[in-house]
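One structure is given below, encoded as structure tokens.
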Amino acid sequence: MTNYRLTLEHILYALAFALALTLRFLHLGALPLSDFEAGWALQALQVARGAHPATPALAAGASVGPNPAYVLLTSVLFFIFGAGNFLARFWPALAGSVLVLAPFFFRDRLGRAAALILAFALTFEPGLLALSRTAGSSILAISFLVLAWAMGREERLPLAGIFGGLALLSGSSAWFGLVSLALALLLTRALNTKCPSSSTEEDTHPPTPHESRNTQHLSLITHYSSLFTDHCSLLTEHWKTALIYLLGALLLGGSLFLLAPNGLSAFVASILAYFKGWWTLSGVRAAHLLTALAAYQLMALIFGLVALVRGLLRKDCLVISLGLWAVVALLLGLAYPARQVADLAWALLPLWALAALELGRHTWMEGVGGWELAGVTALTASILVFVWLNLAAVSGQTFVPQVAQTRFLVLLGALLILGLSLTLVAFGWSTEVARLGAAWGGAAFLVAFTLGAATGAAGLRQPLTAELWSPSPQTAQADLLQKTMDDLSDWNKGHVASLPVTIVGVDSPALRWLLRDWEVKEADALSPADSPALVIAPQGVELNLGAAYRGEDFVWYQTLAWDEALPEEWLRWFVYRQMSQQTESIVLWARDDLFLGNEATSSP
């Protein structure tokens, strides 16, 4: 019997998981669902209501879109606990939290330090955090696929098959990830013959102090086999067991244990949706993906590129494999006509793995003085903060070219001073102090930058910031609209959601989700003889009904003007996450006799 001992490493992974849960579930249901989220949540609600014993046929005939894993899993929560914003986002938040533990199963290739760093990086990663707080997002596909890979490497084939089946049920994004992985695997195998080989696993331990300190934490990754190779050989030997469980997960999970068989057709639809995306334009510019990469993943980009250059020079197969995966996933995202910023997530995993490898390299401090290192670290971080404050000063005021030019010169001067200071430290003290101080100081600054980006992307800042990772358009005054309608219903019927509502000319899944417990009728137009109690219509539309009505307008949609932004507006957004936006309002009309006193009609 194997005895497992709790170690500091296990405690740190548990801490990363706890932090991930906190960030992903904190105020999870506070923001209203966007149209994108509400579309998926409404499908889950339809399945849940059809699963009631009195209406079993509704579940069998419920419409399930090409993301059956989310729809069916969420329908279970809605059936047990009732529908709500929190539960609509529950499974993405949980899947994103569990993803943080995946590096633990790859530490034999990454190294313990790098794997632990990667776990904390995934905890605070802005893009993955945003997806984890978005209903119907691609985080289920990402997490299930990575967990299937991890379980396969651990030879836990039943779990690998189950997670693999759930990944295939998680929408077209799973096929995007599989294509990028397959292409990266083919390129890796083509280049493997040019890589130096290591014959035994014993070669993976850190070198002796007499060996180069610069290679201390890269020793775990200089193997002939990459992250991909072992997994493929494992599947070749034991594919039957995993395949049986995968098919079982597809059949039972895709049909909700045969209660909603339409989920199986949705699995096929997800494949078609992916290929359809190759000739369907989304309207999202490729430049938005590159901008998001620089604005949210700056730390991963800098340290990942350094690791990639170092790996190419050393012909390190693991680094090259991760680099190929990142490049292939990024190029696929840029080339995909139906691209979304969320497609960038598949490139973030290998990019952060590269960054973790590079950061792990800088944890070896043998022979380095603590005070000297602290001084260089503080100097580096202080100058970078000064540079950021100058950048904020340029973008925070009315853009004046002359003032901006002066500020940019000061900014460049500060960076030159930093470079000169590190050079003097390298010659005066040691290159190790200069290297570690620059890495630690830069990492401290970039960690703060990443945390700020993460809180904004997660919607945890007040006021809310403009985010590229958020579904567009965003729903604005949904809570105020709901409160107004609840008050009217309570005054007249004694409880909320009791008045009939007619929606005229508004096609909004978010509005349907908001009114999911109301008696709702949708119409293209109303005749003068109609007199519904409550009417919701676009702003500017006159009702022309026989009864008297009062109206109040609500900002319903907020669409960020990314495509019209000028360079100075992009700079302001990079620092402050502020962007001009366009709004679209709707009007709630209430029949005059619903109000106390029955005053004269007013218009919004």
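The values are calculated or read from the model by the stated rules, or taken from the named source; none is laboratory data. Values in this document were obtained by computation on a predicted structure and should not be read as measured data. Counting neighbours? That spans all protein chains shown, and the Cβs are built from the backbone with ideal geometry, glycine included.
Just a few scattered comments:
- Residue match in segment 130-141 (condition: charged (D, E, K, R) and under 19 Å from the mean Cα position of the chain (by Cα)): yes
- Candidates LEU318, LEU290, LEU264, LEU301 - the one that is more than 19 Å from LEU128 (Cα to Cα) and surrounded by fewer than 21 Cβ atoms within 10 Å (Cβ to Cβ): LEU264
- Among the residues listed as LEU480, LEU515, LEU451, the single one being hydrophobic (A, V, I, L, M, F, W, C), assigned by TED's automatic domain parsing to the domain that holds TRP556 and touching a residue at least 60 places away in the same chain (Cβ under 8 Å): LEU480
- Among the candidates LEU348, LEU334, residue that is in the same structural domain as PHE303 (by TED's automatic domain parsing) and crowded, with 22+ Cβ neighbours inside 10 Å: LEU348
- Residues in segment 82-108 that are buried (at least 24 other Cβ atoms within 10 Å of the Cβ) and among the basic types (Lys, Arg): ARG89 alone.
- Checklist (1) at pLDDT 95 or above; (2) under 30 Å from ALA273 (Cα atoms); (3) in a helix (DSSP H, G or I) applied to LEU15, failing item: (2)
- Criterion (under 30 Å from LEU514 (Cα atoms), in a helix (DSSP H, G or I) and either out of contact with any strand residue (DSSP E or B) (no Cβ under 8 Å at 6 or more places or on another chain) or in contact (Cβ under 8 Å) with a residue 12 or more places away in the chain (or both)) met by exactly one of PRO92, PRO103: PRO92
- Residues that are crowded, with 16+ Cβ neighbours inside 10 Å and touching a residue at least 12 places away in the same chain (Cβ under 8 Å), drawn from segment 554-569: PHE554, VAL555, TRP556, TYR557, GLN558, LEU560, TRP562, ALA565
- Of the candidates ALA466, ALA497, ALA525, the single residue that is among the aliphatic types (A, V, I, L, M), touching a Ser or Thr at 6+ places or on another chain (Cβ under 8 Å) and not in a helix (DSSP H, G or I) is ALA497.
- One residue alone among LYS276, LYS315 is in contact (Cβ under 8 Å) with a residue 40 or more places away in the chain and on the phi > 0 side of the Ramachandran plot, and that residue is LYS315.
- When the residues of segment 455-468 are filtered to those that are of a type in the set (A, V, I, L, M, F, W, C) and within 19 Å of GLY29 (Cβ to Cβ), the one that is farthest from the chain's Cα centre (by Cα) is LEU464.
- Taking the numbered list (1) in contact (Cβ under 8 Å) with a residue 40 or more places away in the chain; (2) surrounded by fewer than 24 Cβ atoms within 10 Å (Cβ to Cβ) in turn, LEU389 passes all entries but (1).
- Evaluated against (1) closer than 26 Å to GLY127 by Cα; (2) part of a helix (DSSP H, G or I), LEU313 falls short on exactly one condition, (1).
- Subset of segment 493-507 (residues that are of a type outside the set (Val, Ile, Thr) and surrounded by 19 or more Cβ atoms within 10 Å (Cβ to Cβ)): LEU499
- Test for GLY65: is it surrounded by fewer than 24 Cβ atoms within 10 Å (Cβ to Cβ) and part of a loop (DSSP other than H, G, I, E, B): yes
- Test: residue in segment 398-418 that is under 30 Å from the mean Cα position of the chain (by Cα), part of a loop (DSSP other than H, G, I, E, B) and within 17 Å of GLU569 (Cα to Cα): no
- Residue check for THR363: assigned to a loop (DSSP other than H, G, I, E, B), under 25 Å from ALA426 (Cβ atoms) and at pLDDT below 95: yes
- When SER282, SER270 are checked against the criterion of being within 23 Å of PHE176 (Cα to Cα), assigned to a loop (DSSP other than H, G, I, E, B) and in contact (Cβ under 8 Å) with a residue 12 or more places away in the chain, a single residue qualifies: SER282.
- Candidate set: segment 534-589, residues that are among the acidic types (Asp, Glu) and assigned to a loop (DSSP other than H, G, I, E, B); chosen: the one modelled with the lowest pLDDT: GLU542
- Unique match (being buried (at least 24 other Cβ atoms within 10 Å of the Cβ), in contact with a Gly (Cβ under 8 Å, 6 or more places away or on another chain) and modelled with pLDDT under 90) among GLY254, GLY323: GLY254
- Hey, VAL385 assigned to a helix (DSSP H, G or I), modelled with pLDDT under 95, farther than 30 Å from ILE139 by Cβ and not assigned by TED's automatic domain parsing to the domain that holds LEU26 or not: no
- The C-beta contact set for segment 424-437 (first residue within 19 Å of THR363 (Cβ to Cβ), second residue assigned to a helix (DSSP H, G or I) and small (Gly, Ala, Ser), distance under 8 angstrom, 6+ apart or interchain) comprises VAL433/ALA426; ALA434/ALA426; ARG435/ALA426; GLY437/GLY375.
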